[in-house]
1. Looking at region A:289-317, which of its residues are more than 14 Å from every other protein chain (Cβ to nearest Cβ) and touching a residue at least 12 places away in the same chain (Cβ under 8 Å)?
2. Looking only at residues that are among the β-branched types (Val, Ile, Thr) and in contact with a Leu (Cβ under 7 Å, 6 or more places away or on another chain) in region A:237-267, which one is farthest from A:Ile217 (Cα to Cα)?
3. Please tell me if A:Ser167 is touching a Lys or Arg at 6+ places or on another chain (Cβ under 6 Å), assigned to a helix (DSSP H, G or I) and at pLDDT 85 or above.
4. Checking A:Thr59 against (1) surrounded by fewer than 16 Cβ atoms within 10 Å (Cβ to Cβ); (2) within 28 Å of the chain's Cα centre (by Cα); (3) within 25 Å of A:Asn120 (Cα to Cα), which single condition isn't satisfied?
5. Within region A:88-105, track down each residue that is part of a strand (DSSP E or B), within 29 Å of the chain's Cα centre (by Cα) and over 18 Å from A:Thr144 (Cβ atoms).
6. How many residues are modelled with pLDDT of 90 or more and either crowded, with 16+ Cβ neighbours inside 10 Å or within 11 Å of chain A (Cβ to nearest Cβ) (or both) when one looks only at region B:21-40?
7. Only one of these conditions is not met by A:Val11: (1) surrounded by 15 or more Cβ atoms within 10 Å (Cβ to Cβ); (2) under 22 Å from the mean Cα position of the chain (by Cα); (3) at pLDDT below 75. Which number is it?
8. Identify the residue in region B:47-63 that is in contact with a Leu (Cβ under 9 Å, 6 or more places away or on another chain) and at the interface with another protein chain (Cβ under 7 Å from one of its Cβ atoms) and, among all such residues, is surrounded by the most Cβ atoms within 10 Å (Cβ to Cβ).
Amino acid sequence: MKQSKYLLSIVFLLIFGLSTFASPIKVSDKEIKEDGGIKTEIKDYITHHLKDSHSYSLTSWVDEDTGKKVYLELPLPVILYDNGFHFFMSSKLKHGKTVVESNDNFYRLNYDKSKIFKTNKEGVFEYDKDNKILNYAPLDFSITKNISTIILVAFIMFFLFTNLAKSFAENKGISKGIGRFFEPIILYIRDEIAIPNIGEKKYKNYMSFLLTIFFFIWFLNMLGLTPLGVNVTGNIAVTFSLALLTFLITNFTANKSYWGHIFWMPGVPVLIKIVLAPIELLGVFIKPFSLLIRLYANIQAGHIVLYSLIGLMFIFQNLIGSSLSFVLAFFISIIEILVALLQAYIFTMLSALYFGFAVAEDDH
Amino acid sequence: MEIPVIVGGGLVVIGVGIGIGLTGKGAMEAIGRQPDASGKIQVAALILAALVEGIGFAALFAL
């Protein structure tokens, strides 16, 4: 356990301490938007929270002496590919207020879009008629907030479950400590999700994937409810990759009978077989697509509702309205804890169901 | 007069609400008749509710 602590700290030192070769240049404040009241501020805050970000913002406040906004945040490394890699820390970006110079190229963050663009030395964005930015956007491989959270959860899961397995083996099958909390959950996934859906014979191949995906989604959902304000499973790219894994595993482990049921449905007249084939083929793609949309939309919607209710407190600014929205926000938080578990469960359950379809034996 | 697109969103939510409500109603009645099978019924009801909800989300995203 001690070794793992050292390893974790070394990795974080490496991530956060990456040396930088970039130097910031100030931009005139003309382009920075002025505030449009508390409602716009809350709206901007919510839309910004829903997106990925280049730094781990913890809090911000307005300094009373200077009148400037002070941000408390963990900088994360920015990695750009634009004819060779460019490395610098996100603290150089200063929320889009400065232009960053890296190997004679100039980059600037567009804070509204949370995206880094290549600019000239003055950091000018060129817009077209539809308010779209015409500047070249380099490929962004940055360790963003979402990616750093995924890495963190991966480390937590790796050390947690390897230690659980070790202590389980040492105690001859009796769980200890935190394992007493996790053992029933793991057994539930095996006995209630994997075995009834996939079958006694073949469930073992899928157990590792089902357990991983369940705890991964659950931990990330729960982290999204902490004041850290990460929104990983509410990001469509993340849910897309998770659903892609389910899609690939389903189709690469499928047997003859599964494909037979898709392209040449047995037991129906030939004409219906021809009609059914494209519908069934479409179903192959719709199944994982509904998985990805469900998880993404549930978490995204939950975050929007929660943030809006918290924002209502600051809009009302009186005792009755604010306390009412506080109570509402409190209850929605509790529901969100349930949703976090439920969505992880549904994703695992439906994945197991699809695997079950893929390996079902033809016994009729 | 043109009907705004967001009205479709409201209709979708009404449909999904009815769907999930009926799922819950069926599950509750089934548990009332067969309390022993409540575990299985709950699982099936959750999956069906998730499927109905998925259609609703898909429609809302198509708006």
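The values are calculated or read from the model by the stated rules, or taken from the named source; none is laboratory data. Keep in mind the model is a prediction, meaning the values are calculated, not measured. Neighbour counts run over all protein chains shown; Cβ positions are idealised from the backbone, glycine included.
1. A:His303, A:Leu306, A:Tyr307, A:Ser308, A:Leu309, A:Ile310, A:Gly311, A:Leu312, A:Met313, A:Phe314, A:Ile315
2. Taking region A:237-267 as the starting set, the residues that turn out to be among the β-branched types (Val, Ile, Thr) are A:238-239, A:246, A:249-250, A:253, A:262.
Pick out the ones that are also in contact with a Leu (Cβ under 7 Å, 6 or more places away or on another chain) and you get A:239, A:246, A:262.
Numbers: A:Thr239: 9, A:Thr246: 14, A:Ile262: 30 Å.
Checking each candidate, the answer is A:Ile262.
3. yes
4. The number of the failed condition is (3).
5. A:Thr98, A:Val99
6. So the count comes out to 4.
7. Failed condition: (1).
8. B:Gly54
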